[in-house]
Amino acid sequence: MTETHHTAGEDIVIHKVRPQETGRLLEVTSPGIDDRGRLADIHSAYHDNLSPELSWSRVLEAQSFALVMEDPDAPRETPFVHWMIWDIPGVATGLPRGVPREAKISGGELKGVIQARNDGGEHGYMGPRPPAGHGIHHYHFQLFALDRMLGMDPSTPLRELLNALKGNTLASAEFVALYEAPERQ
C-alpha cells in the first residue's frame, strides 16, 4: 500500500465537540479492523458494503449514543460523511455487523434508531470507496455518549447533528480504520 494523505480543509466532527465534563472514559473498537488498522474488505463499498461490528464501553449516565463516520482524505473541501446514526439506546454496548440501511430502523434491538443520509445520498452506512490511485484513506468512527435521546429526523444534516452533539455529549471516543482502493476493480 502506498500512503498518500489528502486532507480536506474542514475538521472532522469529533474535533468540534467537547464533552460536558472531562474524565469520563469511553472506548470504541471493532473486530472488523485488523492488527494493522485496515478495515476488512467486506465493509468496503468495493465489496459487500456491510457496516462493521462495533463495541464500546458503558457510560452509566448515557441516555443514547450517536456515531459519525467520516473520511477527511476525500478529494474535496469537507470530509466525506459515510455514516450518521443516533438515538442508539444508552444501555447499548455496540452495534452488530450489517446494520440495516433504513432511515428509522423498524425492528430488533435497534428499533427506533435513526440514520441520516450519507454523502452518497443513501440512508445508513456507506463503506469506503476511495478513488483508485488515491492512496490510503483514514476512516474516523466517532462515538458520542449523550445525556438525552436526540429525537431528530433522518433528514437532519450533519451541521444540525453537530450542534446537538455540542450541547449533549457526556463522553466521546474514536478509532481510525485504513482503507485503500483495490488494485483491480
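Some values worked out for this structure:
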quantity	calculated
Nearest-ten-degree value, helix 158-168 long axis tilted from longest Cα axis of the chain	40 degrees
Hull-based mean projected area of region 111-183, where the convex hull spans the alpha carbons, in square nanometres	6.0 nm²
For region 57-185, with +1 on Lys and Arg beta carbons and -1 on Asp and Glu, the positive-most of LEU158, GLY108, ILE85 along the dipole	GLY108
Neighbour-count order for PHE144, PHE175, fewest beta carbons within 10 angstrom listed first	PHE175, PHE144
Residue order, fewest to most beta carbons within 10 Å, for ILE42, ILE14	ILE42, ILE14
Vicinal HN-Hα couplings computed from phi for region 48-61 (Karplus, 6.51 cos²θ - 1.76 cosθ + 1.60; Hz; Gly/Pro x)	7, 6, 8, 4, x, 5, 10, 10, 8, 7, 6, 10, 3, 7
Amide H within-cut-off set for THR156, under 5 Å, with H built and near neighbours excluded	none
Region 1-155, dipole about Cα centre (Lys/Arg Cβ +1, Asp/Glu Cβ -1), debye to the nearest 20	260 debye
Structure-derived volume of the Cα convex hull per residue in Å³: which label, when the choices are (1) 110; (2) 123; (3) 134	(1)
Residue-by-residue Karplus 3J(HN,Hα) for region 101-117, coefficients 6.51, -1.76, 1.60, Hz, glycine and proline x	8, 10, 5, 10, 5, 9, x, x, 5, 9, 3, x, 5, 9, 10, 7, 6
Taking ASP119, ASP34, ASP71, ASP147 and counting other C-beta atoms within 10 Å, the order from fewest to most	ASP34, ASP147, ASP119, ASP71
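Laboratory data are not the source of any read-out in this text; all were calculated from the coordinates shown. Small disclaimer: the values here were computed from a predicted structure and weren't measured. Glycine gets a Cβ as well: all are built from the backbone with ideal geometry, and neighbour counts include every protein chain shown.
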